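Notes follow the structure.
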Amino acid sequence: MSRNNRILFAGDPHGDFQSLIDAAIENRPDAVVLLGDCDLERPLERYLQKIIGLTRIWWIPGNHDFDFPLRYHYLFNSELAEYGLHLKVHEIAGLRIAGLGGIFLGRIWYPPQKPRWKNKAHYLANQPGHIKKNGLSLKLKSAIWHDEVESLKRLKADILVTHEAPGCHEYGFSAIDDIAKAMGVKKIFHGHQHDSYYAKLPYDIEVFGVADRSVVDLSGKVYPVMTD
């Protein structure tokens, strides 16, 4: 299976999914993958109703998907909730795709600094009683946790989709490079930075930055916004 447009990757929609809808209708991919920051004001399936059934819709969360309780609810409790890729690997259109949503937060783990906490339980155990009772805030649910990354690195994948950028980007993290290397990944697709670019990491790992509201295929080809 070599058709590059069998999977499309959508950069941060920020509430505007039209370019993805147009590209999916035009190309009929087997799957599309959202790279975070959906910024939903209603359930995800209501934005993408035109392509539900036409293609399989996968997603990872971005930092803005945790900004407000309703944004979080409309994504994580949507009819497409089961297609979340964060910290998982799924075979999609013949390729193993791994997902890492969220962002690095200084109060949790900000590479190359060492993680401040072993895991979520360790963090909560060292917090005041009201925080222990209420659990993690939405902000901290958006964080990338070191122990979860270590578990992900033990899996194998062909493609890694992330919200954060790898080390080749000015504001990226070499920790993402390390994940890709450990998993045997050959391609990384990421959002967050709103930049469209191509780069190459050691071990022949290709990186595709996907700009906000932009859509690319497996080769990095950018699909223009189609208008009526």
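Would you check the accessible area of Asp158, probe 1.4 Å, heavy atoms only, in square angstrom rounded to 10?
Roughly 50 Å² of Asp158 is accessible to a 1.4 Å probe.
Please build a GNM for the chain, connecting alpha carbons under 10 Å apart, and tell me which residue among Ala93, Ala180, Ala165 fluctuates the most.
Maximum fluctuation in the GNM of the chain, among the listed residues, is at Ala93.
Rounded, prolate or oblate: which one fits the range 147-216, using the alpha carbon gyration tensor with axes a ≥ b ≥ c (rounded when a/c is under 1.5, else prolate when a/b beats b/c, else oblate)?
Here the range 147-216 falls in the prolate category.
Nearest 5 percent is fine: what portion of the DSSP beta bridges confined to the chain is antiparallel?
35 percent
By how many nm would the segment from Ser174 to Gln49 lengthen if fully extended, with 0.36 nm per residue of separation less the alpha-carbon distance?
So the chain would gain 41.3 nm between Ser174 and Gln49.
Once the whole set of protein chains is in place, how much accessible area is left on His86, using a 1.4 Å probe, in Å² to the nearest 10?
60 Å²
Give me the distance in nm between label points sitting 7 Å out from Cα along the Cα-to-Cβ direction at Asp147 and Ala199, one decimal.
3.1 nm
Sorted by accessible area (1.4 Å probe), largest first, how do Lys181, Lys50, Lys153 line up?
Ranking Lys181, Lys50, Lys153 by accessible area, largest first, yields Lys50, Lys181, Lys153.
Rank these by accessible area, largest first, 1.4 Å probe: Tyr72, Tyr223. Mind dumping the intermediate values first?
On the way: Tyr72 55, Tyr223 25 Å².
Descending accessible area places them as Tyr72, Tyr223.
Mind checking which of Val216, Val149, Val207 has the largest fluctuation in a GNM of the chain, springs on alpha carbons under 10 Å?
Val149
Might you report the magnitude of the Cβ-based charge dipole of the range 1-136 about its Cα centre, with Lys and Arg at +1 and Asp and Glu at -1, to the nearest 20 debye?
Roughly 800 debye, rounded to the nearest 20.
Taking H placed 1.01 Å from N in the peptide plane, check which residues at least 5 places from Arg213 or on another chain put their amide H under 5 Å from its amide H.
Gly11, Asp12
Taking amide H positions as placed 1.01 Å from N in the peptide plane, with prolines and chain starts having none, which residues 5 or more places from Leu105, or on another chain, fall under 5 Å of its amide H?
For Leu105, whose amide H was placed from the backbone, the distant partners under 5 Å are Ile144.
Multiplying the sequence separation of Lys181 and Arg116 by 0.36 nm and subtracting their Cα-Cα distance, what value in nm do you get?
Answer, rounded to one decimal: 21.0 nm.
Which residue, Ala31, Ala143, Ala125, tops the fluctuation ranking in a GNM of the chain built on C-alpha contacts under 10 Å?
Taking springs between Cα atoms under 10 Å, the residue moving most is Ala125.
The values are calculated or read from the model by the stated rules, or taken from the named source; none is laboratory data. Since we're looking at a predicted model, the values are computed, not measured. Reconstructed Cβ throughout: ideal geometry from the backbone, glycine too, with neighbour counts over all protein chains shown. Protein only, heavy atoms only, side chains kept; ligands, DNA and RNA dropped before computing areas. Shrake-Rupley method; radii C 1.70, N 1.55, O 1.52, S 1.80 Å.
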